[in-house]
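Below is one structure; the comments refer to it alone.
No value in this document is a laboratory result; all are computed from the given coordinates. Predicted model only: the values in this text are computed from it and were never measured. With ideal geometry, Cβ positions are generated from the backbone for all residues, glycine too; neighbour counts draw on all protein chains shown.
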Amino acid sequence: MRCQTTVFDWRAAHRLALLLALLLAVPAHAELSASQLVKVGTSYLDRGEEQKAIEALEMALEQDPKVPGAHRALGIAYSRTGDLGRAITHLEAAAAESPQDYEVRLFLGLAYDLSGASARATQSYREAIRIDPKRPEAHHELGMTLLLAGKQKEALDHLEAAAKVSPSPEVLVDLGYALVTAGRAADALAPIQAALAKAPQDAEAHFVHGNALAALGRAEEALAAYDETLRLAPEHPQAALRRALTLSALGRHAEAVAAARQLAARHPGDASVHFAYGRILEASGDRAGAKAAFEKALELAPESQRVRAALERLRRGGAAQATKKEKPKARRKASRRTKRHRRPPSHPAPAGN
């Protein structure tokens, strides 16, 4: 009971302090109505003081559950603090109150997206675009959501629409990333380079630039882009991984293996890192090490078909190596018997993208 009283007293004192602060902003004889609290809360939200905004807006809803604007502002405030459940609750209420509000639909889409409800996010972004097709934000977010869903053509349509209206570095980088993903690395260079011209210190722009260059076979330039990414963002794990793969593609196997080994030690629970480590070891000729790395990747991601395929490739190659060690007579006999169906020896997996 003592603990409950303390919590109650703290909340009461906190609200009292808030009310006193609010009263300073209005005439002493005026009462703070629900609509006034919404205005104060919105003002806090505009200044980036989300917690104060939430307190004022919750008080407004306590006074009047139907006060206009409270759900909208609360939904945005909770979105910014990462409280997605409350954000969705209030934004859905705001969408019901104001079905033609672009920003409500946009923030609702973002909250759905971050909570993993991509289908609902897609629908909400589409509603925002229907309300105002000339604004770039919903096109941008919908494009990235569609890209993750594998709908590359439609994703590119929306990202290009966003870039046409607002060619910000973030939009241009995401457009470049989408073009690389769609197999159009040459087309990706223009938006990425435009982003770099505007934001030369943008680590993600350098990373995507490296991906485009690597896809085009320009490995030395890709390596330089990954080095610049890591200079700007030393903890960027994907850049470090791509750098190691690029070193392998350039035939710098010792450096590639050392870099990949370090990454595997730093990210022991990341299946993609162990898979890349296996590819690099295989390319260097260390089949036993590659097998161990692939097995670790499979342990972490048992559903991965590409890891299973890599292990099967190594096993087939191992069988071919064992056949080579048979006595000449036996080998010739086996060769005649299986000539039509024998597979060529496995080669190291390409260590590019």
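With a Förster radius of 25 Å, plug the Cβ-Cβ distance of ASP157 and GLN193 into 1/(1 + (r/R0)^6) and report the FRET value to the nearest 0.05. Let's see the in-between values first.
Details: r = 22 Å, r/R0 = 0.87.
Between ASP157 and GLN193 the formula returns 0.70.
Beyond 31 Å between alpha-carbons counts as too far, so tell me which of LYS66/LYS164; LYS134/LYS198; LYS39/LYS134; LYS153/LYS198 fall in that bin. Walk me through the numbers on the way to the answer.
Numbers: LYS66/LYS164 39 Å; LYS134/LYS198 23 Å; LYS39/LYS134 28 Å; LYS153/LYS198 26 Å.
The pairs that break the limit, which is 31 Å between Cα atoms, are LYS66/LYS164.
Let me make sure I get this right: for segment 202-317, a, b and c are the square roots of the gyration tensor eigenvalues over alpha carbons, sorted descending. Under 1.5 in a/c it's rounded, otherwise prolate if a/b > b/c, else oblate. Which is it? Walk me through the numbers on the way to the answer.
Values: a/c = 1.99, a/b = 1.63, b/c = 1.22.
Because a/c hits 1.5 or more and a/b exceeds b/c, segment 202-317 counts as prolate.
Output the peptides 141-154, 176-189 sorted from most to least packed, where packing is the average of other Cβ atoms within 10 Å over each peptide's residues. Mind dumping the intermediate values first?
Details: 141-154: 17.9, 176-189: 19.9.
Packing order, densest peptide first, comes out as 176-189, 141-154.
What does the charge count around PRO268 come to, taking other residues whose C-beta lies under 13 Å from its C-beta (Lys +1, Arg +1, Asp -1, Glu -1)?
Numbers: positive: ARG261, ARG266, LYS296; negative: ASP270, GLU299.
Net charge in that neighbourhood comes out at +1.
When we measure straight from the Cα of LYS52, which aspartates and glutamates land under 18 angstrom away, once same-chain ones fewer than 8 places off are left out?
Reachable aspartates and glutamates: GLU62, ASP83.
Could you give the length gained by full extension between GLN238 and SER35, i.e. 0.36 nm per residue of separation minus their alpha carbon distance, to one decimal place? Each step should come with its number before you reach the end.
Values: separation 203, 0.36 × 203 = 73.08 nm, distance 4.83 nm.
68.2 nm is the gain from fully extending GLN238 to SER35.
Beta carbons within 10 angstrom, averaged per residue: use that to sort the peptides 118-131, 207-220, highest first.
Numbers: 118-131: 18.9, 207-220: 21.0.
By packing density, highest mean first, the sequence is 207-220, 118-131.
For the pair GLN63 and LYS134, what calculated FRET efficiency results from E = 1/(1 + (r/R0)^6), where r is the Cβ-Cβ distance and R0 = 45 Å, to the nearest 0.05?
0.75
Using θ = phi - 60° and the Karplus relation 6.51 cos²θ - 1.76 cosθ + 1.60, list the HN-Hα couplings for segment 189-198 in order, rounded to whole Hz, with x at every Gly or Pro.
So the J values, rounded to whole Hz, are 4, 4, x, 5, 5, 5, 5, 5, 5, 7.
Quick check for me: using +1 on Lys/Arg Cβ and -1 on Asp/Glu Cβ, what's the dipole size of segment 38-148 about its Cα centre, in debye to the nearest 20?
Numbers: 13 positive and 17 negative charges, 60 e Å.
Once rounded to the nearest 20, the dipole reads 280 debye.
Going by a ≥ b ≥ c, the root eigenvalues of the Cα gyration tensor, does segment 187-269 fall in the rounded group (a/c under 1.5), the prolate group (a/b larger than b/c) or the oblate group?
Numbers: a/c = 2.60, a/b = 1.51, b/c = 1.72.
In terms of gyration-tensor shape, oblate.
Compute the FRET efficiency between ASP227 and SER304 as 1/(1 + (r/R0)^6), taking r as their Cβ-Cβ distance and R0 = 35 Å, and round to the nearest 0.05.
0.75
Using θ = phi - 60° and the Karplus relation 6.51 cos²θ - 1.76 cosθ + 1.60, list the HN-Hα couplings for segment 255-265 in order, rounded to whole Hz, with x at every Gly or Pro.
So the Karplus estimates, Gly and Pro as x, are 5, 5, 4, 4, 5, 5, 4, 5, 5, 4, 6 Hz.
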